1. State whether region 1-80 is rounded, prolate or oblate according to the following rule on the C-alpha gyration tensor (a ≥ b ≥ c being the square roots of its eigenvalues): a/c under 1.5 gives rounded; otherwise a/b larger than b/c gives prolate, and the remaining case gives oblate.
2. DSSP loop GluC sites (Glu not before Pro) in region 130-160 with at most 15 other Cβ atoms within 10 Å of their Cβ, which ones?
3. Explain nothing, just the number: dipole magnitude of region 7-170 about its Cα centre with +1 on each Lys and Arg Cβ and -1 on each Asp and Glu Cβ, in debye rounded to the nearest 20.
4. Give me, ordered by chain and number, the residues 5 or more places off G79 or on other chains with an amide H under 5 Å from its own placed amide H.
5. Only Lys, Arg, Asp and Glu count, each charged at its Cβ (+1, +1, -1, -1), so figure out the dipole size of region 1-94 about its Cα centre, rounded to 20 debye.
6. State, to one decimal in nm, how far the label point of D132 lies from the label point of D36, with both points 7 Å from Cα in the Cβ direction.
7. Quickly estimate the mean residue ellipticity at 222 nm for the chain, helices only: each DSSP H run with n ≥ 4 gives -39500 (n - 2.57), and the total goes over all residues, rounded to 500.
8. Could you work out the per residue convex hull volume over the alpha carbons of the chain, in cubic angstrom?
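What follows is calculated from the coordinates using simple rules that are stated; it is not laboratory data. Computed from a predicted structure; not experimentally measured. All Cβ positions, even for glycine, are placed from backbone atoms using ideal geometry, and neighbour counts span all protein chains on display.
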Amino acid sequence: MAVDPRFPAVWGPDELFAYPRDKWIADGVPAAALPDGDEIPLEVTVVYTAFLDGEIGMFDILHLTGEDSDLDIKLTVVGAVAENHNLLYVLDQRTGEVLQFDLEEQDIQAVNSSFRQFVEFLWKFALFVEADEGKQGRRERALRLSGELRAIDPQAFEADAWWPLVIDQTR
């Protein structure tokens, strides 16, 4: 599989990297939850980075269990918020959903219904940032972006979700 053909218009070959698509599918991640291509961006201004520092790295597995419960969830690290590496993006291997795991607060917040949609949001956000020429008209463009993203993944805009916070910051 190759890179999504839309991505090179935004990111050069040195700005993309392969994720372990085939391994994730073999491990039970639904194929429909993954992007069509096998490469994703290394960074998207403000919202995403694959450059992690500290003890936790890309594609590490965080295993959440509970002593007195049936909790047994494996979360794969798929990046972090660019300006706060304590806010990790993680992939729930059972569902393909992307969540944000706050290392400081030990809290989880919804991001996207699937890794496919997460990468699509990153691409659309990168296009928005690239086209942004300043404040004039930014509010209208942000509202259009919000509408586009909401149509792709309505769950990403539920109460207390991550993306509405991002869009609000762009206005």
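1. Verdict is oblate for region 1-80.
2. Loop-located and lightly packed - E133, E158.
3. The calculation lands at about 760 debye.
4. Those lying under 5 Å, H to H, from G79 are F59, Y89.
5. It works out to roughly 280 debye.
6. It works out to 2.7 nm between the two label points.
7. One gets -8500 deg cm²/dmol as the mean residue ellipticity at 222 nm.
8. Numbers: hull volume 21.6 nm³, N = 171.
Given the Cα convex hull of the chain, per-residue volume reads 126 Å³.
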